[in-house]
Amino acid sequence: MCRNIRILAHFEPPTTPEEIRAASLQYVRKVSGLAKPSREAEAAFARAVEKITAATTALLDALPARDEPRTREGEREKAKARWTRREQARRP
């Protein structure tokens with residue numbers, strides 16, 4: 001999975017439309033292999049982003065609530081801890 005695509009489900013405050021669109025854009029870039037589409041491919045690229053944004057929004061709206069909502073700060077702390085563990089594992 002693309003490392004730039006983050007978990008979007010069950011956040012407090014809720015995931016914003018901008019976050020969903022950014023993840024959709026990252027997905028389309030990864031799948032297409034294009035960071036920026038050519039002029040000929042721009043329309044198809046934009047349609048794909050919009051469709052994935054809509055599908056992701058529908059999915060997030062349909063998922064049941066879990067016990068504790070995630071927080072962005074909590075997710076940052078988890079990422080820092082993973083990075084620290086990886087760095088320590090690399091050192092001799």
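The values are calculated or read from the model by the stated rules, or taken from the named source; none is laboratory data. Not measured: the values here are computed from a predicted model. Using ideal geometry, Cβ is built from the backbone for each residue, glycine included, and neighbour counts are taken over all protein chains shown.
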Counted residues, region 55-92 - those being among the hydrophobic types (A, V, I, L, M, F, W, C) and within 12 Å of A9 (Cα to Cα): 6
Are any of the residues in region 13-31 assigned to a loop (DSSP other than H, G, I, E, B), touching a residue at least 60 places away in the same chain (Cβ under 8 Å), surrounded by 10 or more Cβ atoms within 10 Å (Cβ to Cβ) and within 16 Å of the chain's Cα centre (by Cα)? no
Can we say R6 is surrounded by 12 or more Cβ atoms within 10 Å (Cβ to Cβ) and within 23 Å of W83 (Cβ to Cβ)? yes
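In region 44-72, what count of residues is obtained for those that are at pLDDT below 90 and either of a type outside the set (K, R) or farther than 21 Å from P17 by Cα (or both)?
Start the filter on region 44-72 by keeping residues that are at pLDDT below 90, which leaves 65-72.
Going one step further and asking which of them are either of a type outside the set (K, R) or farther than 21 Å from P17 by Cα (or both), we end up with 65, 67-69, 71.
Adding up the residues that qualify gives 5.
If you go through region 60-79 one residue at a time, how many are touching a residue at least 40 places away in the same chain (Cβ under 8 Å) and either in a helix (DSSP H, G or I) or surrounded by 10 or more Cβ atoms within 10 Å (Cβ to Cβ) (or both)?
The initial filter retains those residues of region 60-79 that are touching a residue at least 40 places away in the same chain (Cβ under 8 Å), namely 60, 63, 65-66, 69-72, 75.
Checking the rest, the ones that are also either in a helix (DSSP H, G or I) or surrounded by 10 or more Cβ atoms within 10 Å (Cβ to Cβ) (or both) come to 60, 63, 69-72, 75.
Residues meeting the conditions: 7.
Does R39 count as basic (K, R), surrounded by fewer than 15 Cβ atoms within 10 Å (Cβ to Cβ), out of contact with any Lys or Arg (no Cβ under 8 Å at 6 or more places or on another chain) and in contact (Cβ under 8 Å) with a residue 40 or more places away in the chain? Show your work before the answer.
On the way: basic (K, R): yes; surrounded by fewer than 15 Cβ atoms within 10 Å (Cβ to Cβ): yes; out of contact with any Lys or Arg (no Cβ under 8 Å at 6 or more places or on another chain): yes; in contact (Cβ under 8 Å) with a residue 40 or more places away in the chain: no.
Here the answer is no, as R39 does not meet what is asked.
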Taking the stated definitions as given, is R82 of a type outside the set (F, W, Y), loosely packed, with under 12 Cβ neighbours inside 10 Å and part of a loop (DSSP other than H, G, I, E, B)? no
Condition first: of a type in the set (A, V, I, L, M, F, W, C) and closer than 16 Å to L63 by Cα. Now tell me which residues in region 8-37 satisfy that. L8, A9, F11, I20
